[in-house]
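The values are calculated or read from the model by the stated rules, or taken from the named source; none is laboratory data. Not measured: the values here are computed from a predicted model. Note: ideal-geometry Cβ built from the backbone for every residue, glycine included; neighbour counts use all protein chains shown.
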């Protein structure tokens with residue numbers, strides 16, 4: 001359930017983009033109504049309607065996530081606050097400047113921000129955030145927790161690089177597909193591989 005909640009803005013981004021691609025005239029008209037005279041170079045609005053509409057939807061979806069949690073009296077975790085700040089800044093720049101470069105950089109900035117937070121927490125404050133999230137479900141030796149944290153750091157750094165490679169070497173539509181299917185698929189593969197690795201440590205701990 002939490003996975004679907006976390007993926008909500010990405011899913012809506014993809015749906016909005018695909019829908020705008022199917023009916024570009026309607027998407028352009030909707031954007032013109034919503035944005036009015038915001039930004040320069042309005043002559044490019046029609047050609048960029050899909051990515052602009054998808055970006056606007058992603059911003060609203062992320063704001064909605066935070067609002068929903070606050071409204072229900074639940075804690076908004078640090079990662080969601082970071083995601084909100086990045087999507088508002090970079091998505092807003094894409095909409096105002098009519099430049100999709102900013103939203104294409106957004107996943108990379110988010111991945112690298114996560115990596116920096118994990119590293120800073122571990123080495124500057126002595127707190128392993130992965131351990132803090134998982135230690136109630138699983139018991140592991142301290143070196144394994146450190147390895148787990150660094151593996152996530154490495155994953156986020158590599159995903160940031162891969163996002164830039166796809167964004168600036170392939171078509172916009174390919175990047176949008178990668179953002180959902182590629183990003184989520186690689187995340188699931190990584191989590192599965194970690195699960196297999198950790199299962200061996202859990203079994204060895206139980207045998208002791």
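Remark: pairs (first residue in region 186-202, in the same structural domain as residue 158 (by TED's automatic domain parsing) and more than 21 Å from residue 107 (Cβ to Cβ); second residue loosely packed, with under 15 Cβ neighbours inside 10 Å and modelled with pLDDT under 85; Cβ separation under 9 Å; 6+ apart in sequence or on different chains) = 201/141; 202/139. Look at residue 86 and say whether it is within 21 Å of residue 159 (Cβ to Cβ) and at pLDDT 95 or above. The answer is yes for residue 86.
What helices (runs of 4 or more DSSP H) lie completely within region 61-166 and have 2 or more residues being outside the structural domain of residue 31 (by TED's automatic domain parsing) and free of Cβ contacts under 8 Å to residues at least 40 places away in the same chain?
Helices (runs of 4 or more DSSP H) meeting the threshold: 101-123, 129-134.
What do you reckon, is residue 183 touching a residue at least 40 places away in the same chain (Cβ under 8 Å) and either in a helix (DSSP H, G or I) or within 27 Å of residue 57 (Cα to Cα) (or both)? Yes, satisfied.
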